[in-house]
Amino acid sequence: VPGPSDPLEHLRVVEIELALADLETVEKRLNQATRQAKLDKTAAGELEALQAAYDALSQGLPLYRAGLKEEWSETLKPYFLLTNRSVLAVVNVGENELDKIPDVEKIVRDEFSTAGANVEVIGMCVQLEAEAATIVDPVERAEMLEGFGLGEGALFRMVRSAYHLLGLRTYFTTGEKETRAWTFYAGSSAPECAGRIHTDFQRGFIKAEVIHWDELLEIGAWNKAKDVGKIRIEGKEYHPEDGDVMEFRFNV
């Protein structure tokens with residue numbers, strides 16, 4: 001975004017552009033839905049959601065700030081509106097402003113306070129991150145990032161944030177030969193998570209033996225964790241958490 005380096009000013013410009021793009025989509029569909037609602041009473045809910053979206057967008061207000069009812073947001077999903085989504089805001093700072101990253105992140109995060117929980121803000125120096133990405137040796141790359149006080153770098157933070165905003169979580173299975181990570185949607189049941197490995201696991205699910213990865217790592221081994229009573233037994237109603245290590249029992 002051209003202009004001054006005020007991140008909030010840049011944010012407003014981007015949001016207005018996104019809102020205008022969504023407004024064009026909503027306006028077209030609103031005209032169609034208005035005619036359809038006269039013939040089909042079941043279309044009233046869609047019309048109400050579109051009208052609420054139109055009212056917000058016509059003021060340059062992105063939908064994630066508009067406080068729409070949850071059912072309206074769901075109704076609008078098939079239109080793939082740009083502002084009816086979770087937000088990952090990346091704020092670029094100069095090499096001489098690295099110490100300001102936490103403050104800049106807070107300023108932008110506070111600006112999103114009305115947008116709910118589906119917002120992640122990451123501050124980074126794009127120039128340094130790009131230079132680090134060209135270093136093939138991972139040790140040298142890590143040393144460079146650490147030298148600038150950037151820790152592991154912003155790339156991994158971006159991946160984790162995007163993963164979280166998409167509602168994705170990870171559980172692990174482990175054995176003598178390998179440990180594997182499995183992706184599931186937040187809120188999935190234990191049988192649904194088991195089905196990520198094989199449909200037979202879900203169909204014949206009996207129970208799951210569970211421990212969180214950090215606790216297992218501290219203990220050192222699955223069998224040892226069993227011996228000290230740290231493995232929990234969970235049934236079909238259990239909703240696995242990010243970082244669970246699980247072993248499934250099933251019968252088909």
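Computed from the coordinates by the stated procedures, all read-outs in this text should not be read as laboratory data. All values reported here derive from a predicted model rather than from experimental measurement. No Cβ is skipped: glycine too gets one built from the backbone with ideal geometry, and neighbour counts run over all protein chains shown.
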Suppose each label sits 7 Å from its Cα in the direction of the beta carbon; what would the ARG203-GLU146 distance come out to in nanometres?
5.1 nm
Tell me the relative contact order for the chain as a rounded percent, counting alpha carbon contacts under 8 Å between residues six or more apart.
13 percent
Can you tell me what share of the DSSP beta bridges in the chain is antiparallel? A percent to the nearest 5 is fine.
70 percent
Going by average Cβ density within 10 Å per residue, which order do the peptides 62-70, 188-196 take, highest to lowest?
188-196, 62-70
In the range 1-117, how many lysine pairs have Cα atoms under 28 Å apart, counting only pairs 8 or more places apart or on different chains?
10
Using the Cα gyration tensor of the range 7-79, with a ≥ b ≥ c the square roots of its eigenvalues, what is the shape: rounded (a/c below 1.5), prolate (a/b larger than b/c) or oblate (neither)?
prolate
Give me a comma-separated list of calculated 3J(HN,Hα) values for the range 21-26, in order, Karplus coefficients 6.51, -1.76, 1.60 applied at θ = phi - 60°, integers in Hz, x for any Gly or Pro.
5, 5, 4, 4, 5, 5
Report ³J(HN,Hα) in whole Hz for each residue of the range 9-14, in order, from the Karplus equation J = 6.51 cos²θ - 1.76 cosθ + 1.60 where θ = phi - 60°; Gly and Pro get x.
5, 4, 4, 5, 4, 4
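Looking at the square roots a ≥ b ≥ c of the eigenvalues of the Cα gyration tensor of the chain, which shape do they give, rounded for a/c under 1.5, prolate if a/b is larger than b/c, or oblate?
It comes out oblate by the Cα gyration axes.
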Taking a quarter of the surface of the Cα convex hull of the range 124-190, what do you get in nm²?
6.6 nm²
Using only Cα atoms, figure out Rg for the range 168-250 and give it as a multiple of 2.2 N^0.38 Å.
1.01
Average Cα contact separation per residue, the range 1-77, under 8 Å, 6 or more apart, as relative contact order %:
33 percent
Loop-resident chymotrypsin sites (Phe, Trp or Tyr not before Pro) in the range 72-132 with no more than 14 other Cβ atoms inside 10 Å, DSSP not H/G/I/E/B, are PHE80
Consider a paramagnetic label point 7 Å from the Cα of VAL90 along Cα→Cβ; state which residues of the range 111-134 have an amide N under 17 Å from it.
119-134
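What is the sum of charges, Lys and Arg at +1 and Asp and Glu at -1, for the other residues whose Cβ falls under 12 Å from the Cβ of SER58?
-4
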To the nearest 0.05, what FRET efficiency results for VAL228 and ASN251 with a Förster distance of 25 Å applied to their C-beta separation?
0.35
Evaluate E = 1/(1 + (r/R0)^6) for PHE156 and LYS177, where r is the Cβ-Cβ distance and R0 equals 35 Å; express this FRET efficiency to the nearest 0.05.
0.85
Amide H of TYR238 versus every other amide H placed in the peptide plane: which residues, excluding those fewer than 5 positions away on the same chain, fall under 5 Å?
ALA190
If each DSSP helix of 4+ residues adds -39,500 (n - 2.57) and the sum is divided by the residues in the chain, what number results at 222 nm, nearest 500 deg cm²/dmol?
-14000 deg cm²/dmol
Given H placed 1.01 Å from N in the peptide plane, which residues other than close sequence neighbours of THR83 have an amide H under 5 Å from its amide H?
LEU63
